[in-house]
Structure formats: C-alpha cells, structure tokens
1. Can we say Lys181 is farther than 17 Å from Arg76 by Cβ and basic (Lys, Arg)?
2. Which residues, taken from the stretch 140-160, are farther than 24 Å from Ser1 by Cα and surrounded by 19 or more Cβ atoms within 10 Å (Cβ to Cβ)?
3. Could you give me the residue pairs with C-beta distances under 7 Å whose first residue belongs to the stretch 167-183 and is farther than 16 Å from Ser149 by Cβ, whose second residue is in a helix (DSSP H, G or I) wherever it lies, and which are 6+ apart or on separate chains?
4. Restricting attention to the stretch 60-82, which residues are under 13 Å from the mean Cα position of the chain (by Cα), touching a residue at least 60 places away in the same chain (Cβ under 8 Å) and under 12 Å from Val196 (Cα atoms)?
5. Only one residue in Ala123, Ala111, Ala195, Ala128 is under 20 Å from Asn71 (Cβ atoms), of a type outside the set (Ser, Thr, Tyr) and in contact with a Pro (Cβ under 6 Å, 6 or more places away or on another chain). Which one?
6. Exactly one condition in (1) buried (at least 22 other Cβ atoms within 10 Å of the Cβ); (2) within 15 Å of the chain's Cα centre (by Cα); (3) assigned to a loop (DSSP other than H, G, I, E, B) is false for Val130; which is it?
7. Only residues that are open to solvent by less than 60 Å² (accessible area, probe 1.4 Å) and among the aliphatic types (A, V, I, L, M): list them for the stretch 16-34, please.
8. Can you find, within the stretch 36-50, the residue that is nearest to Val7 (Cα to Cα) among those that are in contact with a helix residue (DSSP H, G or I) (Cβ under 6 Å, 6 or more places away or on another chain) and either in a loop (DSSP other than H, G, I, E, B) or open to solvent by less than 40 Å² (accessible area, probe 1.4 Å) (or both)?
Amino acid sequence: SRLATDVFIREVKRTWNASLDDDALRRMLVDAVELANRAVYEHAQLSEDFSGMGTTLVAAWISRDLAVIINVGDSRAYHISKRANSIYQITRDHSLVEELVEAGAITKEQARLHPQKNVITRALGSEAEVRPDYFEFTLQPGDILLLCSDGLSNMVTDLEMLEYAKEYQDPELICRALMSKALIRGARDNVTVVAVMR
C-alpha cells in the first residue's frame, strides 16, 4: 500500500500544472495509477514472499467545486450532503460480492455479511495492467467527500457515516469517530479514512 501511494503521489506532483484541462487531468490520474500498478506488480516478482501482493487505491482531486475520483479495488469514495441529509457511494467495488449484487443474486445487506466479501476482482499489482474507474461530480458548500478502506466500510454502515458527518463539523473529528467505531467493533482489516469538507 505504501509503495502504491508513494508512486501515485509522486507522479501526480511531477505532472500536475494549473493549466490542465479535464482530459489532461484524467490522463494524469490514470497514468499515476498505471505507474503505481507497475511498481507493485514488479515488486511482487522480486521474491516468492511477495507473490500475489496487491493493494487497492482510491484517490480524489478537488479543485474548487469539482471533485475527481479514481479507484481500483474495494476502497471507496462517498459523497455526503448534510443539506440533503444523504450519503452516496460514488465508487463501485471491484469485488465478487458487488458482481453478485449487480446480478441480483444477493442484496446489499447480504453482501455485508457474505463470506467472500473480501475477494476483489481488480487490484493494483495483481496483473501487469489495470483499468481504474474514474468519476467526476460537483461539491456544494458544506458537502463532504469521504474516502475509506474496506476496513471501515465493512464495520460501519453508510447511514452511520452520515450520522457522524451530521454530528461533527470538523472532518478530522468525523474520521476519528468513524475510526473509533470500526475499531470498537473489532475491525479485522486496516482501517483508513479521510474526509474533506467544502
């Protein structure tokens, strides 16, 4: 995860400039994901100890009222509107259970408890090439963009995320409360969460 993050951030910092149009911004983020994927994939080839190594990634680029999200795997991005009292999962999990939900074989609630909920179908480093998903949307004043790993989303419901966002005005306090809730519930995976408020 650290290798992927370091490579992704370094590439974005290297290639960003204020004059990027929408297409160039998209290309910059996709290229950064592809470089991060290549770094993890090549590292996994170095030793049998690293065989099968992979990670997920979700990242956001925010410029004034425009938010751009890119993801691979089952780490998520949510849009929270206090004004509309709503939470919306922006990203789509690249996972077996998400495919089952989309096929109508199981419900969203059944997916939360499914024994194969951690089987992902797309990740950084598992293949030589990867295709990230890309989303754009507008942020209104007071809106919150929340990024998290499945260590959080497996332990805290979407409605609970919305309730904490309404309870706390500071994004850092929202993150601390969500992290605490996930850990109290016995999170079995790493718990990562970032919140940004417009």
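1. Working: farther than 17 Å from Arg76 by Cβ: no; basic (Lys, Arg): yes.
The answer is no for Lys181.
2. Asp143, Ile144
3. From residues that are farther than 16 Å from Ser149 by Cβ, the pairs are Tyr168/Ile174; Tyr168/Ala177; Ala177/Tyr164.
4. Answer for the stretch 60-82, where residues must be under 13 Å from the mean Cα position of the chain (by Cα), touching a residue at least 60 places away in the same chain (Cβ under 8 Å) and under 12 Å from Val196 (Cα atoms): Ala60, Ala77, Tyr78, His79.
5. Numbers: Ala123 fails: in contact with a Pro (Cβ under 6 Å, 6 or more places away or on another chain); Ala111 fails: in contact with a Pro (Cβ under 6 Å, 6 or more places away or on another chain); Ala128 fails: in contact with a Pro (Cβ under 6 Å, 6 or more places away or on another chain).
That would be Ala195, the only listed residue that is under 20 Å from Asn71 (Cβ atoms), of a type outside the set (Ser, Thr, Tyr) and in contact with a Pro (Cβ under 6 Å, 6 or more places away or on another chain).
6. (2)
7. Let us first name the residues in the stretch 16-34 that are open to solvent by less than 60 Å² (accessible area, probe 1.4 Å), namely 20, 24-25, 28-33.
The answer is Leu20, Ala24, Leu25, Met28, Leu29, Val30, Ala32, Val33.
8. The extreme case among them is Ala36.
The values are calculated or read from the model by the stated rules, or taken from the named source; none is laboratory data. A quick note: this is a predicted structure, and the numbers were derived from the prediction, not measured. Backbone-built Cβ (ideal geometry, glycine too); neighbour counts: all protein chains shown. Ligands, DNA and RNA are excluded from the accessible area calculation, which covers all protein heavy atoms including side chains. Shrake-Rupley method; radii C 1.70, N 1.55, O 1.52, S 1.80 Å.
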